[in-house]
Ligand code: PGA
């Protein structure tokens, strides 16, 4: 079964977050997928909305709730940080780790992603490890993301690796200034990541309704991790229809 998830990055008030959940829930209901959609779904709000979104989803929602980061220690003197047990306590079942914006702006490294993947697994949550090369490494993308991923998975046994989701998100394709990736640019790094024995490999970076089917058709792409195009409930539902049907 394919995956479809969205991170809202630093966006949405609590009211906007609740409205998105309600609208997506209604859309799932209209499709007869209120509890059992044909695509594995997740949503990753800001920390401030974790509990609110969890409440709005309710216990039977098929959407897995995530956080955009978590510290590797369970508790302590780490001002401004949130731990995996705290995220779980607020209702999260997934932890996004190593997004390129965090690597570029907040000093996230392969070493910190390794600690965070281990902490997430230790507490029974799903790690979503984000990897991707900068423009100047595009020609060597497969080797670049393999190194990032192997570094983050170091020390894990096969069963633990098989619980990790990896999102391949080339940095040059992410965000408003990003360029859409062509399927042939995605195939090799996706193949390299698939060889690492992880649970699933998702593609992310300027995914939209026009290119989603094309990107899902790349061999080894198990799903999509989406920013802007899924911040509206209608956008998320449109992508769900593509992932369910394509
Ligand atoms: P985008 O963001 O879909 O808005 O390009 C993707 C991401 O950063 O995960």
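The values are calculated or read from the model by the stated rules, or taken from the named source; none is laboratory data. If you're wondering where the values come from, they're calculated on a predicted model, not measured in any experiment. When we count neighbours, we look across all protein chains shown, and the Cβ atoms used for this are built from the backbone with ideal geometry, even at glycine.
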Confirm whether residue 235 is away from the ligand (no atom under 16 Å from the Cβ), under 19 Å from residue 3 (Cα atoms) and either part of a loop (DSSP other than H, G, I, E, B) or touching a residue at least 24 places away in the same chain (Cβ under 8 Å) (or both).
no
Have a look at 113, 109 and point out the one that is surrounded by fewer than 20 Cβ atoms within 10 Å (Cβ to Cβ), under 16 Å from residue 150 (Cβ atoms) and more than 12 Å from the ligand (Cβ to nearest atom).
109
If we keep only residues of the range 118-132 that are closer than 25 Å to residue 171 by Cα and surrounded by fewer than 21 Cβ atoms within 10 Å (Cβ to Cβ), then the residue nearest to the ligand (Cβ to nearest atom) is 126
Within the range 154-174, of all residues that are out of contact with any strand residue (DSSP E or B) (no Cβ under 8 Å at 6 or more places or on another chain) and outside any helix (DSSP H, G or I), the one nearest to the ligand (Cβ to nearest atom) is 170
Out of the residues in the range 1-26 that are within 16 Å of the ligand (Cβ to nearest atom) and surrounded by fewer than 18 Cβ atoms within 10 Å (Cβ to Cβ), which is farthest from residue 168 (Cα to Cα)?
11
Test residue 135 against the criterion of being within 16 Å of the ligand (Cβ to nearest atom) and farther than 29 Å from residue 27 by Cβ, and give yes or no.
yes
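Residue-wise test of (1) closer than 24 Å to residue 102 by Cα; (2) touching a residue at least 40 places away in the same chain (Cβ under 8 Å).
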residue	(1), (2)
184	no, no
201	yes, no
208	yes, no
215	no, no
220	no, no
224	yes, yes
Hey, any hits in the range 175-188 for a residue that's within 13 Å of the ligand (Cβ to nearest atom), buried (at least 22 other Cβ atoms within 10 Å of the Cβ), farther than 18 Å from residue 134 by Cα and modelled with pLDDT of 95 or more?
no
Which pairs turn up if I take residues in the range 84-113 that are over 9 Å from residue 69 (Cβ atoms) and without any contact (Cβ under 8 Å) to a residue 24 or more places away in the chain and look for partners that are part of a helix (DSSP H, G or I) and away from the ligand (no atom under 14 Å from the Cβ) with beta carbon separation below 7 Å, at least 6 apart in sequence or on another chain?
none
Residue that is farthest from the ligand (Cβ to nearest atom) [pool: residues in the range 189-212 that are within 19 Å of residue 242 (Cα to Cα) and surrounded by 24 or more Cβ atoms within 10 Å (Cβ to Cβ)]
201
